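Participant: For reference, the structure I am asking about is given below.
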Amino acid sequence: MSEPRDHPQGPVRIGLVGATGLIGRRLIELSSAGEEVRMVGIARREPELPKGAKVEMFVADPARWGEILEAVKPRALICALGTTWRKAGRDEAAFRTVDYDLIVATAKAAREAGVPNFVLVSSSGANRNAKNFYLRTKGETEDAVSKLGFNRVDILRPGLLKGTRQDDLRPLEAIAQLVSPVLDPLLPNKWQGLRSIDADHVCEAAMGLALRKAAGCFNHDNDAIKRAARDWRAKAG
């Protein structure tokens, strides 16, 4: 396969898996509005892209995602993959197939393809030792990705995401978004990770962190995500 590179004066190419969800769609929209980065999306099926999207889109079976990354050679890969307990039919194995197996396999493929930086959108409260299955799976995924040998791994742990989802009805989440302006200030500091955060802040942070060169594994809670988002906005102008 050919190995296209970023043009010296053009946008930096950043890979994206999970383009159909709230974070993925907003990443495409926000990057399309600027000239700093250009998303290279990889998906199992052709997604309905936002109007005016400037994105390279590859549709392939996950087994071939590594080949695509090898050819494209993005500066980083942002992973916004994930399902919900409801979509998984409340089946632990089905949930884990996406939120652990697919994410870790994709990260391994990216590492083998030579992608230096990996940004994982995880969840507040993720912990491999958690009793809650959802949070334990998220934590195990974080742990596995962090050990793959990337130059840099950024793990974003946002609280309740605020934003409009496309064809994904989540009644409880919608109610939580409505009451979050009242509840957020009442949550004690030890539960600050549960406070709501704009999806745009998560996207801006992900783009900015994807381009950082300092090596290591970094975890970002709501406050750190907001700081990284501000840094990105200042840089992007």
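The values are calculated or read from the model by the stated rules, or taken from the named source; none is laboratory data. Keep in mind it's a predicted model, so treat the numbers as computed, not measured. We place every Cβ from the backbone using ideal geometry, glycine too, and count neighbours over all the protein chains shown.
Participant: Can you tell me how many residues in segment 215-234 are under 15 Å from residue 124 (Cβ atoms) and surrounded by 14 or more Cβ atoms within 10 Å (Cβ to Cβ)? It would help to see each step written out before you state the result.
Facilitator: Quick first cut of segment 215-234, residues under 15 Å from residue 124 (Cβ atoms) only: 219-226.
Adding the requirement that they be surrounded by 14 or more Cβ atoms within 10 Å (Cβ to Cβ) leaves 219-222, 224-226.
Residues meeting the conditions: 7.
Participant: Just give me the residues in segment 32-51 being closer than 14 Å to residue 17 by Cβ and within 17 Å of the chain's Cα centre (by Cα), in sequence order.
Facilitator: As a first pass, look at segment 32-51 and keep what is closer than 14 Å to residue 17 by Cβ: 39-45, 47.
The answer is 39, 40, 41, 42, 43, 44, 47.
Participant: Oh, and also: Could you pull out the residue among 160, 135, 156, 148 that is touching a residue at least 40 places away in the same chain (Cβ under 8 Å) and within 21 Å of residue 202 (Cα to Cα)?
Facilitator: Working: 160 fails: touching a residue at least 40 places away in the same chain (Cβ under 8 Å); 135 fails: touching a residue at least 40 places away in the same chain (Cβ under 8 Å); 148 fails: within 21 Å of residue 202 (Cα to Cα).
156 is the lone residue from the list that is touching a residue at least 40 places away in the same chain (Cβ under 8 Å) and within 21 Å of residue 202 (Cα to Cα).
Participant: Looking at segment 78-111, which of its residues are within 10 Å of residue 137 (Cβ to Cβ) and basic (Lys, Arg)?
Facilitator: The answer is 96, and nothing else.
Participant: Taking segment 106-130, which residues are more than 14 Å from residue 155 (Cα to Cα), buried (at least 16 other Cβ atoms within 10 Å of the Cβ), more than 13 Å from the chain's Cα centre (by Cα) and in contact (Cβ under 8 Å) with a residue 40 or more places away in the chain?
Facilitator: 109, 110, 113, 115, 116
Participant: Any residue that is farther than 21 Å from residue 26 by Cα, modelled with pLDDT under 85 and outside any helix (DSSP H, G or I) - is there at least one of those in segment 187-194?
Facilitator: Among the residues of segment 187-194, at least one is farther than 21 Å from residue 26 by Cα, modelled with pLDDT under 85 and outside any helix (DSSP H, G or I), which makes the answer yes.
Participant: Please state which one of 68, 14 is surrounded by 13 or more Cβ atoms within 10 Å (Cβ to Cβ), within 16 Å of the chain's Cα centre (by Cα), of a type outside the set (Lys, Arg) and at pLDDT 95 or above. Outline the logic, then answer.
Facilitator: Numbers: 68 fails: within 16 Å of the chain's Cα centre (by Cα).
Step by step, each of 68, 14 is checked, and only 14 is surrounded by 13 or more Cβ atoms within 10 Å (Cβ to Cβ), within 16 Å of the chain's Cα centre (by Cα), of a type outside the set (Lys, Arg) and at pLDDT 95 or above.
Participant: Here's something else I'd like to know. Kindly establish whether residue 17 is free of Cβ contacts under 8 Å to residues at least 24 places away in the same chain and touching a Ser or Thr at 6+ places or on another chain (Cβ under 6 Å). Lay out the reasoning, then the answer.
Facilitator: Details: free of Cβ contacts under 8 Å to residues at least 24 places away in the same chain: no; touching a Ser or Thr at 6+ places or on another chain (Cβ under 6 Å): yes.
No.
Participant: Counting only residues that are in contact (Cβ under 8 Å) with a residue 12 or more places away in the chain and out of contact with any strand residue (DSSP E or B) (no Cβ under 9 Å at 6 or more places or on another chain), which one in segment 87-105 is surrounded by the most Cβ atoms within 10 Å (Cβ to Cβ)? Can you show your working first?
Facilitator: Within segment 87-105, the subset in contact (Cβ under 8 Å) with a residue 12 or more places away in the chain is 92, 95-96, 98-100, 102-105.
Subset that is out of contact with any strand residue (DSSP E or B) (no Cβ under 9 Å at 6 or more places or on another chain): 92, 95-96, 98-100, 104-105.
Numbers: 92: 12, 95: 21, 96: 18, 98: 17, 99: 23, 100: 17, 104: 18, 105: 14.
It comes out as 99.
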